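Here is the structure we will look at, set down as structure tokens.
The values are calculated or read from the model by the stated rules, or taken from the named source; none is laboratory data. Because the structure is predicted, anything quoted here is derived from the model rather than measured. Here Cβ is always computed from backbone atoms with ideal geometry, including for glycine, and neighbour counts include all displayed protein chains.
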Amino acid sequence: MRNSGTVFTGESFPDLACFITTLTKLLLMKTKNLCFLSFFLFLSFFARAQELVLPLASPKASVSQTIGLTDVSVKYHTPSIRGREVWGKLVPYGEVWRTGANEATLVTFSDDVVVQGEKLPAGTYSLFTIPETHDNWTIIFNKELNQWGAFDYKQSEDALRVPVQAIPSDHHETLFFSFTNIKPTSGELNLNWEKIRIPIRIDVEVDKKAVANIKSAISQAKPDDWRIYAQAVNYFLQNKKESELALELIDKSIEINSNFYNNWLKAQLMAQHNEYREAVVLVKKAIKLGEQEKETFKQYATDLELDLKEWRVKQN
């Protein structure tokens with residue numbers, strides 16, 4: 001009679017005692033694994049049960065700003081005064097301060113910058129300060145990240161220290177960072193709290209990066225894209241940069257598609273080089289071409305007429 005299940009015989013397992021021993025070990029191992037798994041699941045459940053999310057006394061905050069072509073961002077926590085005396089008490093004079101609450105404040109620069117006249121490489125830094133007196137502060141950019149407060153601060157990890165003068169301001173109950181005085185190549189990062197503002201000047205390099213971006217865009221431009229060349233020339237004009245490259249680019253734009261806009265740009269370049277006769281010829285041509293593109297031209301028409309009037313006087 002044929003058995004329906006598997007039968008372990010002496011032929012299939014010559015050493016039956018060995019098999020029984022092995023099976024016993026496997027069962028014991030399985031039992032231990034089950035115990036470990038049960039314990040792990042218990043810990044996981046316990047950990048999840050402990051994840052209680054409550055409002056922070058000093059909530060997280062962040063602020064970012066593009067200065068020129070450089071991105072600057074700040075991540076920090078926002079302590080509030082709550083009736084306390086801040087300077088000299090809550091924040092002692094002459095001591096390194098985390099400049100916020102909880103974790104150290106982080107500042108990130110996408111490119112190399114100049115802070116208060118001193119060079120600082122691109123990267124992320126922990127921001128610390130030392131209020132030497134109420135009016136005189138030291139700003140510190142430290143290379144060690146993931147710090148809690150200033151407890152593990154090491155001066156040996158400083159990337160830069162710069163002095164800054166505090167400025168009186170309106171009362172602010174809660175600390176915050178802000179950006180002001182944004183210009184094409186500079187701006188200010190401000191620490192604001194209580195009745196003072198700490199302005200940190202940041203200068204950035206724009207021209208080298210802009211020219212590199214222009215060359216990169218041109219190398220990838222489509223054969224019929226006259227606009228990319230015109231946009232590049234407009235950058236040179238807006239920033240009052242005299243460049244032989246600008247003349248090359250505008251000629252290429254006109255070669256692809258001669259229209260009122262790129263002819264007007266070339267007229268402005270000629271005027272920038274005091275070649276007013278050529279500028280007058282080009283702006284007249286631009287006005288004539290503009291009459292064929294009335295919808296687009298009408299928003300520029302007044303400016304072209306004013307340029308023509310000015311350059312006619314200057315050509316004599």
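What residue, of LEU191, LEU249, is assigned to a strand (DSSP E or B), crowded, with 16+ Cβ neighbours inside 10 Å and modelled with pLDDT of 95 or more?
LEU191
Residues PHE128, PHE151, PHE141: which one is aromatic (Phe, Trp, Tyr) and within 19 Å of the chain's Cα centre (by Cα)?
Exactly one of PHE128, PHE151, PHE141 is aromatic (Phe, Trp, Tyr) and within 19 Å of the chain's Cα centre (by Cα), namely PHE141.
Return the residues of the stretch 103-132 that are of a type outside the set (Asp, Glu), under 20 Å from ARG201 (Cβ atoms), touching a residue at least 40 places away in the same chain (Cβ under 8 Å) and outside any strand (DSSP E or B); say none if nothing qualifies.
Those that are of a type outside the set (Asp, Glu), under 20 Å from ARG201 (Cβ atoms), touching a residue at least 40 places away in the same chain (Cβ under 8 Å) and outside any strand (DSSP E or B): SER110, GLN116, GLY117.
Of the residues ILE228, ILE214, which single one is part of a helix (DSSP H, G or I) and under 27 Å from VAL113 (Cβ atoms)? Spell out the reasoning first.
Values: ILE228 fails: under 27 Å from VAL113 (Cβ atoms).
Answer to the check: ILE214.
Please enumerate the residues belonging to the stretch 264-316 that are over 21 Å from SER253 (Cβ atoms) and not in a helix (DSSP H, G or I).
Listed by number, the residues that qualify are ASN274, LYS298, GLN315, ASN316.
Restricting the stretch 97-114 to residues that are modelled with pLDDT of 95 or more and farther than 18 Å from ASN190 by Cα, which is surrounded by the fewest Cβ atoms within 10 Å (Cβ to Cβ)?
The qualifying residue surrounded by the fewest Cβ atoms within 10 Å (Cβ to Cβ) is ASP112.
Can you give me the number of residues within the stretch 156-179 that are in contact (Cβ under 8 Å) with a residue 12 or more places away in the chain and farther than 25 Å from GLY83 by Cβ? Write out each step before concluding.
Going residue by residue through the stretch 156-179, those that are in contact (Cβ under 8 Å) with a residue 12 or more places away in the chain are 157-179.
From what is left, the residues that are farther than 25 Å from GLY83 by Cβ are 157-165, 179.
Residues meeting the conditions: 10.
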